[in-house]
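Each value in this text was obtained by applying a stated rule to the coordinates, not by laboratory testing. Remember, it's a predicted structure, so these values are computed and weren't measured experimentally. Don't worry about glycine lacking a Cβ; one is built from the backbone with ideal geometry, like all the others, and counts go over all protein chains shown.
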Amino acid sequence: MILDSSNPGYVLQASSATATPLFGICQEGQWRPPWAPLQDGFAAIQGINILIFGEREEVKLQIGGTVTVGDLLTSDANGRGITTATTGNLVIAQALMSGVNLDYIQVRVLEGYAHA
């Protein structure tokens, strides 16, 4: 998640490893009931409240590639967690499970710091 600089008190889905400031991970699941005609794939839409997990909390995160336990994670262009070892990328979580593309894995939210 990143702060919406145009709307104080609102957040947006992160769209890159350098989106700033990265903080927290939103709730797992979708805002609409699990019935095909209603689902849109989003955890929330503009104006809808969303639960954000902060530093040291554990949450499920959908990943956008192969992840190994202990990997430091950042955001890809779709807001999914991906492994990072690149200097300057913002780290938002640490993997507590391994997984592959589009899996949901358990992660621990970190404070959102730049990888050194």
The simple spin-label model distance between TRP35 and ASN49, using points 7 Å out along Cα→Cβ, in nm, is 2.3 nm
Calculated from backbone phi, Karplus (6.51, -1.76, 1.60) coupling profile of segment 22-36 in Hz, x at Gly/Pro = 6, 7, x, 10, 6, 3, 7, x, 10, 7, 9, x, x, 10, 2
Candidates THR83, THR74, THR20; GNM for the chain (alpha-carbon contacts under 10 Å) flags as most fluctuating THR20
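Taking only Cα atoms of the chain, what ratio of Rg to Rh do you get with Rh as the Kirkwood inverse-distance radius? The partial results should precede the final answer.
Working: Rg = 13.7 Å, Rh = 14.3 Å.
Using Cα coordinates only, the ratio equals 0.96.
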Could you tally the net charge around ALA95, taking each other residue with its Cβ under 12 Å from the Cβ of ALA95, Lys/Arg +1 and Asp/Glu -1?
-> -1
All other residues with a Cβ under 14 Å from the Cβ of THR66 taken together, and with Lys, Arg as +1 and Asp, Glu as -1, what is their net charge?
-> -2
